[in-house]
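Colleague: This structure is in structure tokens; I'll ask about it shortly.
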Amino acid sequence: MNRAARLTAILDLLAEQGEVSVEQLVERFGASAATTRRDLDSLAERRLLTRTHGGAVAQSVAYELPIRYRSHHATGAKERIAVAAAALVVPGQVVGLSGGTTTNAIATALAARTDLAEHGLTVVTNAVNIASQLAMRPEFKVVVTGGVIHPRSFELVGPFVEQLLGGIRLDVAFIGVNGLSAESGASTHDEAEAAVNRMMAQRAESAYVVADASKLGRATFAHVGGAELFPVVLTDAAASDAQRAALADAGYKVRPAD
């Protein structure tokens, strides 16, 4: 496991448990005790955790909303997709993150990247849990869209969101969805969330759908867009050959995260 993936995994474990020990992390990830301590010190310097004697505890502000929001379904797949997505981001870029458990994991993976500290990063999001998580990173400029909060997903929706998005541009956007099928494209359960996701993707130079294999082949209520809006799909290695082939035939480039 490389360092970026290990830091992301440490934060995810910390979010689930509230505290971790060096011994636990050594056993779980296989790095030496000295390397593990350096990992924890690095995350503590960025105020992503608080060091304790022998381990670390979660920052209460940074983790309160993500814990409430976290879905344990396909967690490992979402982490792998998140690391692959975060690796596509260049320091200094403007990144759009929609709401969703996978995009929340991407925010965690971005926060674990040590190379972003020098040049910073601008993150535009309509998800208050993501904004809360990244607000503790002083080198990140976090732009929250405004709007009316959706209690189920912590996403801000409505005309205020569209007004802000209409006046900015994004280098890259990662959009979480509830379904992605070759026939129906990307979709969500809520029409207001779909409208925001669509506009965020339209404002980006590059827009990616991020969806684990359980979302593939599904069509839900509200259409977001097809291959013309999302030419690349980031998914996990569990995606079947048939799923990948169907999306490829529909014009998508499928990138599985190993």
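The values are calculated or read from the model by the stated rules, or taken from the named source; none is laboratory data. Just so we're clear, the structure is a prediction, and the values are computed from it rather than from any experiment. Here the Cβ is made from the backbone with ideal geometry for all residues, glycine too, and neighbour counts use every protein chain on show. Accessible surface is based on the protein model in full, side chains and every heavy atom, while ligands, DNA and RNA are left aside. Shrake-Rupley method; radii C 1.70, N 1.55, O 1.52, S 1.80 Å.
Colleague: Measuring from label point to label point, each 7 Å out along Cα→Cβ, what is the Glu45 to Ser184 span in nm?
Modeller: 4.8
Colleague: Which FRET efficiency, nearest 0.05, do Ala33 and Glu139 yield, Cβ-Cβ r, R0 22 Å?
Modeller: 0.20
Colleague: Ser153: net charge of surrounding residues, Cβ under 9 Å, Lys/Arg +1, Asp/Glu -1, itself excluded?
Modeller: -2
Colleague: Amide H to amide H, which residues 5 or more places from Ser206 or on other chains are under 5 Å from it, using H placed in the peptide plane?
Modeller: Under 5 Å from the amide H of Ser206 lie the amide H atoms of Val172, Ala173, each far enough along the sequence or on another chain.
Colleague: Using the Kirkwood radius built from alpha carbon pairs, what does the Stokes-Einstein equation give as D for region 118-252 at 25 °C and 0.890 mPa s, in µm² per second?
Modeller: It diffuses with D of about 159 µm²/s by this estimate.
Colleague: Can you tell me the accessible area per residue over the chain, all protein chains present, probe 1.4 angstrom, in square angstrom?
Modeller: 42
Colleague: Starting from the Cα gyration tensor of region 91-165, take the square roots of the eigenvalues, sort them a ≥ b ≥ c, and report rounded, prolate or oblate (rounded when a/c is under 1.5, otherwise prolate if a/b is larger than b/c, else oblate).
Modeller: prolate
Colleague: Right, another one. Given a 1.4 angstrom probe, I'd like the percentage of the accessible area of the chain that is carbon and sulfur, rounded to a whole number.
Modeller: 52
Colleague: Among the GluC sites (Glu not before Pro) within region 130-220, which fall in a DSSP loop and have no more than 11 other Cβ atoms within 10 Å of their own Cβ?
Modeller: For GluC sites (Glu not before Pro) across region 130-220 that sit outside H, G, I, E and B with at most 11 neighbouring Cβ atoms in 10 Å, the list reads Glu183.
Colleague: Rank-order 30-37, 195-202, 122-129 by packing density, defined as the average count of other C-beta atoms within 10 Å over each peptide's residues, highest first.
Modeller: The densest-packed peptide leads the list: 122-129, 195-202, 30-37.
Colleague: Another question, then. List the aspartates and glutamates whose Cα lies under 16 Å from the Cα of Lys141, skipping any in the same chain that are fewer than 8 positions away.
Modeller: In chain and number order, the partners are Asp115, Glu118, Asp171.
Colleague: With the Cα gyration tensor of the chain in hand, give its eigenvalues times 5 under a square root as the equivalent ellipsoid semi-axes, listed largest first in whole angstrom.
Modeller: 30, 21, 16
Colleague: Once the Cβ-Cβ distance between Val148 and Glu228 is put in as r, and R0 is 35 Å, what FRET efficiency do you end up with, to the nearest 0.05?
Modeller: Using R0 = 35 Å, I get an efficiency of 0.75.
Colleague: Related question: 5 Å is the cut-off here: which amide hydrogens, built 1.01 Å from N in the peptide plane, fall below it relative to Asp236, excluding neighbours closer than 5 in sequence?
Modeller: Ala213, Ala257
Colleague: With the cut-off at 1.5 for a/c, could you classify region 193-241 from its C-alpha gyration tensor as rounded, prolate or oblate?
Modeller: oblate
Colleague: So, one more: Gain in length, Arg3 to Phe160, computed as 0.36 nm per residue apart minus the alpha-carbon separation, to one decimal in nm?
Modeller: Extending this stretch completely gives an extra 52.6 nm.
Colleague: When the helices in the chain are scored as -39500 (n - 2.57) per DSSP H run of 4 or longer and the sum is shared across all residues, what 222 nm value do you end up with, to the nearest 500 deg cm²/dmol?
Modeller: The helix-only estimate for the chain comes to -12500 deg cm²/dmol at 222 nm.
Colleague: Taking H as built 1.01 Å from N, whose amide H comes closer than 5 Å to the amide H of Val254, not counting residues under 5 places away?
Modeller: Val233
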